[in-house]
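Take a look at the structure set out below.
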Amino acid sequence: MRIAWAFTGAGHLLLESVEELEELAGKHEVTVMLSRAAEEVLKMYGLYERVVKVTGGYYRELALESEQEFSFPITGRLSMGRYDLLIVSPTTSNTISKVVHGIADTLVTNAVAQAGKGGIKSLIVPVDLEAGDVETVLPSKLELERCENCEPCQAAAVCSQGAIIPGTEINLLKCVGCGDCQAACPFNAVSGGRVITIHMRQLDVDNTHKLTHLEGVSVLRQPSDIKNHM
Ligand SMILES: Cc1cc2nc3c(=O)[nH]c(=O)nc-3n(C[C@H](O)[C@H](O)[C@H](O)COP(=O)(O)O)c2cc1C
């Protein structure tokens, strides 16, 4: 099959999405599209290079919103029916909200709109599915209560990106999620993959519900459900 896989900037279900992408890209022709936020967030979780690795070649491009202007020519392939399937996983509440209100001003929302016009089925995995609390994973984080303010800071010394502001925080826009800082800090003051509970807003859950009424769109609970709906 020829597939377009779009990522948005959600940390939730991100690793699971990359794992499914890797599996599909071994068997199918997959173009990967990244929203600006997806590009940043994939780097924060140390997953960007894994996505780059499955791409390369015609119809196996890595299409970055950050390198596009405003009209997203690559999504024209969807309106012309050149793909068999569009997958959006994981999908932020931001992107879901735009899609259900007919807004198509980003690479990913535009891809969904063009897929609809081209009669291409879309499989969408939203992160905000049901009301209530949900557990999610954080990227690297400086845990200040454990930080001993060493001089020099050993975590900062090993960071090739200059992302650590000693005694303060990690600049996530510079972080590439390599985890070197976690190993270097003698006081375990840098956490990676800490699990926190966040609350799903009713507004976002309602938007996800509206998505189920959109023609040509199937809403899936998790990335591992994708292969059962292809
Ligand atoms: C580390 C990190 C994790 C995030 N995880 C989520 C998430 O799980 N769900 C979500 O809706 N937004 C999440 N965001 C916020 C989105 O990236 C932000 O709303 C962005 O504007 C979405 O743009 P997009 O929908 O075009 O990708 C996260 C941001 C950061 C920095």
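Data table
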quantity	calculated
Calculated P(r) tail over 11 Å for the stretch 140-192, as whole % of Cα pairs	62 percent
Among beta bridges that DSSP assigns inside the chain, antiparallel share in %, nearest 5	30 percent
For the chain, built as a Gaussian network whose Cα springs stay under 10 Å, the top-fluctuating residue of 46, 81, 162	162
Protein-only accessible surface order, largest first, of 122, 71, 66 at 1.4 Å	71, 66, 122
Low-density loop cleavage sites - GluC sites (Glu not before Pro) in the stretch 135-185, where at most 13 other Cβ are within 10 Å (DSSP)	143, 145, 148
Largest-first ordering by accessible area, 1.4 Å probe, given options 50, 146	146, 50
Intensity falloff of the stretch 1-151 expressed as log10 I(q)/I(0), Debye formula with alpha-carbon point scatterers, at q = 0.17, 0.18, 0.20 Å⁻¹	-0.93, -1.03, -1.26
Acute angle (nearest 10 degrees) that the helix 107-117 long axis makes with the longest principal axis of the chain, alpha-carbon atoms	20 degrees
For the chain, built as a Gaussian network whose Cα springs stay under 10 Å, the top-fluctuating residue of 104, 38, 157	157
Percent accessible area from carbon and sulfur atoms, the stretch 140-192, protein chains only, probe 1.4 Å	49 percent
Inter-centroid distance (Cα atoms) of the stretch 83-157 relative to the stretch 158-178, Å	21 Å
Lysine pair count for the chain [Cα-Cα under 23 Å; pairs on different chains or 8 or more apart]	15
Long-range tail of P(r) for the stretch 82-133 (Cα pairs > 15 Å, %)	44 percent
Accessible surface, the chain, averaged per residue in Å² (probe 1.4 Å)	49 Å²
Dipole magnitude of the chain, debye to nearest 20 (Cβ charges: Lys/Arg +1, Asp/Glu -1, about Cα centre)	680 debye
For the chain: relative contact order, % (alpha-carbon pairs under 8 angstrom, 6 or more apart)	24 percent
Theoretical ellipticity at 222 nm over the chain - DSSP helices of four or more residues, -39500 (n - 2.57) apiece, nearest 500	-8000 deg cm²/dmol
Sequence-separation-based contact order of the stretch 140-192, relative, with Cα cut under 8 Å and 6+ spacing, percent	49 percent
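The values are calculated or read from the model by the stated rules, or taken from the named source; none is laboratory data. Note that this is a predicted model, so its numbers are computed, not measured. Because the Cβ atoms are built from the backbone with ideal geometry, glycine has one as well, and the counts that use them run over all protein chains shown. Side chains are part of the model used for accessible areas, which takes the heavy atoms of the whole protein and leaves out ligands, DNA and RNA. Shrake-Rupley method; radii C 1.70, N 1.55, O 1.52, S 1.80 Å.
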